[in-house]
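K.L.:
Below you'll find the structure I mean.
The values are calculated or read from the model by the stated rules, or taken from the named source; none is laboratory data. Just so it is clear, the structure is predicted and the values come from calculations on it, not from any experiment. Positions of Cβ are backbone-derived with ideal geometry, glycine not excepted, and every protein chain shown enters the neighbour counts.
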Amino acid sequence: MGKYHVHVYPVVRVLIKDIEADSQEEACKKAEELVDLHQLFESLRFDPPVGYVEYADEIDGFLVDEEGDVEHERSTWYEKDYTPSPPERR
């Protein structure tokens, strides 16, 4: 029986709170600029058999919740280019 090293590419959600912006699209851009995802993932602690964790330079999309919108009626999904996601991707 052989041994293998497997790279797992999970989608991970990172919540960035309290962003002030004029629009949800601007909030997405600011969120991406505010957090160094490379540094964030490099600082994670893990135990064997995990060899390492790193940011793969890819964002699949954004979910924007407006502060005070408890029922999430104005929450909106956005693509990685900050355009609203089509209904079939939500």
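K.L.:
Residue check: is residue 36 surrounded by 10 or more Cβ atoms within 10 Å (Cβ to Cβ) and farther than 20 Å from residue 85 by Cβ?
P.N.:
Values: surrounded by 10 or more Cβ atoms within 10 Å (Cβ to Cβ): yes; farther than 20 Å from residue 85 by Cβ: yes.
Yes.
K.L.:
Exactly one of these conditions fails for residue 70: (1) under 15 Å from residue 15 (Cβ atoms); (2) out of contact with any helix residue (DSSP H, G or I) (no Cβ under 8 Å at 6 or more places or on another chain); (3) aliphatic (A, V, I, L, M). Give me its number.
P.N.:
So residue 70 meets the others, but not (1).
K.L.:
Here are 42, 25: which of them is surrounded by 10 or more Cβ atoms within 10 Å (Cβ to Cβ), modelled with pLDDT under 90 and of a type in the set (Asp, Glu)?
P.N.:
On the way: 25 fails: modelled with pLDDT under 90.
After ruling out the rest, the residue left standing is 42.
K.L.:
Please specify each residue of region 67-90 satisfying the condition of being assigned to a loop (DSSP other than H, G, I, E, B), surrounded by 10 or more Cβ atoms within 10 Å (Cβ to Cβ) and in contact with a strand residue (DSSP E or B) (Cβ under 9 Å, 6 or more places away or on another chain). So that I can check it myself, show each step before the final result.
P.N.:
Residues of region 67-90 assigned to a loop (DSSP other than H, G, I, E, B): 67-75, 80-83, 85-86, 90.
Okay, now just the ones that are also surrounded by 10 or more Cβ atoms within 10 Å (Cβ to Cβ), so 69, 72, 74-75, 80, 82-83, 85, 90.
Scanning region 67-90 gives 74, 75, 80, 82, 85, 90.
K.L.:
Can you tell me which residues in region 50-65 are in a loop (DSSP other than H, G, I, E, B) and out of contact with any Asp or Glu (no Cβ under 9 Å at 6 or more places or on another chain)?
P.N.:
First, the residues of region 50-65 that are in a loop (DSSP other than H, G, I, E, B): 50-60, 65.
If the condition is that a residue be in a loop (DSSP other than H, G, I, E, B) and out of contact with any Asp or Glu (no Cβ under 9 Å at 6 or more places or on another chain), then 50, 51, 56, 57, 58, 65 are the ones that fit.
K.L.:
Okay, next question. Please identify the pairs in which a residue from region 1-23 that is part of a loop (DSSP other than H, G, I, E, B) has its Cβ atom under 9 Å from the Cβ atom of a residue that is among the basic types (Lys, Arg), counting only partners at least 6 apart or on another chain.
P.N.:
Once the first residue is part of a loop (DSSP other than H, G, I, E, B) and sits in region 1-23, its partners that are among the basic types (Lys, Arg) give 16/30; 19/30; 20/30; 21/29; 21/30.
K.L.:
Here's something else I'd like to know. Looking at region 46-62, is at least one residue surrounded by 10 or more Cβ atoms within 10 Å (Cβ to Cβ) and in contact with a strand residue (DSSP E or B) (Cβ under 6 Å, 6 or more places away or on another chain)?
P.N.:
Within region 46-62 (the criterion being surrounded by 10 or more Cβ atoms within 10 Å (Cβ to Cβ) and in contact with a strand residue (DSSP E or B) (Cβ under 6 Å, 6 or more places away or on another chain)), the answer is yes, since at least one residue qualifies.
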